[in-house]
1. Could you list, in sequence order, all residues of segment 206-216 that are surrounded by fewer than 17 Cβ atoms within 10 Å (Cβ to Cβ) and β-branched (Val, Ile, Thr)?
2. Is it true that some residue in segment 339-352 is at pLDDT below 80, in the same structural domain as Phe266 (by TED's automatic domain parsing) and assigned to a helix (DSSP H, G or I)?
3. Within segment 76-188, considering only strands (runs of 3 or more DSSP E) that don't extend past its boundaries, which have at least 1 residues that are free of Cβ contacts under 8 Å to residues at least 60 places away in the same chain and under 31 Å from the mean Cα position of the chain (by Cα)?
4. Check whether at least one residue in segment 244-259 is farther than 30 Å from Val316 by Cβ and either in contact with a Gly (Cβ under 8 Å, 6 or more places away or on another chain) or modelled with pLDDT under 90 (or both), and report yes or no.
5. Quick check on Gln225: is it free of Cβ contacts under 8 Å to residues at least 40 places away in the same chain, surrounded by 14 or more Cβ atoms within 10 Å (Cβ to Cβ), of a type outside the set (Lys, Arg) and assigned by TED's automatic domain parsing to the domain that holds Ala98?
Amino acid sequence: MNIPRLILRNVTGRKGRFIFTLLGITVGIASFVTLLSLGGSLKDEVKRQAGELGANLVVTPKGWCAYEQISVLTGEQLPEAIPFDEVKKISAIKGLKAVPYLTEKTAYKNSPVPVIGILPEEMKLFKGWDIGNGGYFTSAGERSLVIGSGIAQQFKLSPADELTIRGKRFPVKGVLKETGNKDDIAVFMPLSVTQELYGVGDKVSFIAIKVDDISKIDEYIQKIQDTSNVAVVSDKQLLKSVLSIVGTVSLTLQLIAVVAILAAAFGIINTMMTAIYERRREIGILQAIGAKQRTIFNIFLLESGLYGLLGGIIGVGIGLAFSSVAAPYISQNEFTAFMKGSTLAVNFDFRLVFGSILFSLFISLISGFYPAWRASRLSPVEAISYE
């Protein structure tokens, strides 16, 4: 008795049932792999973008929630709530460098564009920017723009071109070299000019701080809070806050994928239970030629496992392919706006691949356990006399 050939013949004997049962587990695993792959890559990118911020501490107005903290990484528009006098007080603390941001927004050719007000020299030193084309601001009140490389490529802009912001035309002074973060898709102008243009007085959105001695981070936080009525969050706290939101959304989507896999599991149970009733005579013949209960059990269990193995392999392939196709479009929603200006890389993770295949196999074997037990418990007389 050639058991492998028997298993393959039984599983593929009814092609329609085989295909639809296989599709169930394949779709479930593909969804699971897609969400895990994109979720893991998304978390890696969040960590990278947080590192690119270049700040050990971020000073925000009191009462900001996690979603507003996400906007610190995305470069999205934020409320102006910190007076510049507070910036001066914090900057006077020894051992730290404070750089204010005023984040606003404009539109160019019907596309939203972040506008960030900065202190030109301080920001250039803080970020380590290099100019790829043109020049840089020569004064803190210069009425011109420096743009990211992504903006220049998207709108085909170069030095001497002009952008209209809130009805006023500003020349492009220079284009930054590619940074690989949100700076590539932003327009920068001197802080005083931005404050005047947007009518926000002397206020800024938040302050990025780099400290000289990272071991004294708690001491710096206390000094800032004693000096000014603001909230202070460390880069690790900011990252944790953002990742908690990303993780919650990712977990929710993964649970939905697990539901799809469980639905596929019930499909396997139904297929195997139907197979028992259709193959009672075959079971009886196997018993008559000496097959033991264990052999019958193993045959049916391996048949269900074959669905899981094939579905897992195909599902992983589809999931990874779909992840690669979907990744570039993730940046087109506000929640994952920190992806703009960079490409989300879907990494080929062997643990994800083999783990998903094993998970699929495990679910299928569990699903096939009861039908296999039922098949093995049929008495020879009951099985062979079935019409």
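The values are calculated or read from the model by the stated rules, or taken from the named source; none is laboratory data. Remember, it's a predicted structure, so these values are computed and weren't measured experimentally. Counting neighbours? That spans all protein chains shown, and the Cβs are built from the backbone with ideal geometry, glycine included.
1. Answer for segment 206-216, where residues must be surrounded by fewer than 17 Cβ atoms within 10 Å (Cβ to Cβ) and β-branched (Val, Ile, Thr): just Ile214.
2. Pass one, segment 339-352, residues at pLDDT below 80: 339-349.
Keeping just the survivors that are in the same structural domain as Phe266 (by TED's automatic domain parsing) gives 339-349.
Narrowing the set further to residues that are assigned to a helix (DSSP H, G or I) leaves 339.
Yes; the residues of segment 339-352 include at least one that is at pLDDT below 80, in the same structural domain as Phe266 (by TED's automatic domain parsing) and assigned to a helix (DSSP H, G or I).
3. Values: elements: 96-108, 111-118, 131-134, 145-147, 162-165, 168-176.
The strands (runs of 3 or more DSSP E) meeting that bar are 96-108, 111-118, 131-134, 145-147, 168-176.
4. Applying the first criterion (farther than 30 Å from Val316 by Cβ) to segment 244-259 yields none.
No: zero hits.
5. Working: free of Cβ contacts under 8 Å to residues at least 40 places away in the same chain: yes; surrounded by 14 or more Cβ atoms within 10 Å (Cβ to Cβ): yes; of a type outside the set (Lys, Arg): yes; assigned by TED's automatic domain parsing to the domain that holds Ala98: yes.
Here the answer is yes, as Gln225 does meet what is asked.
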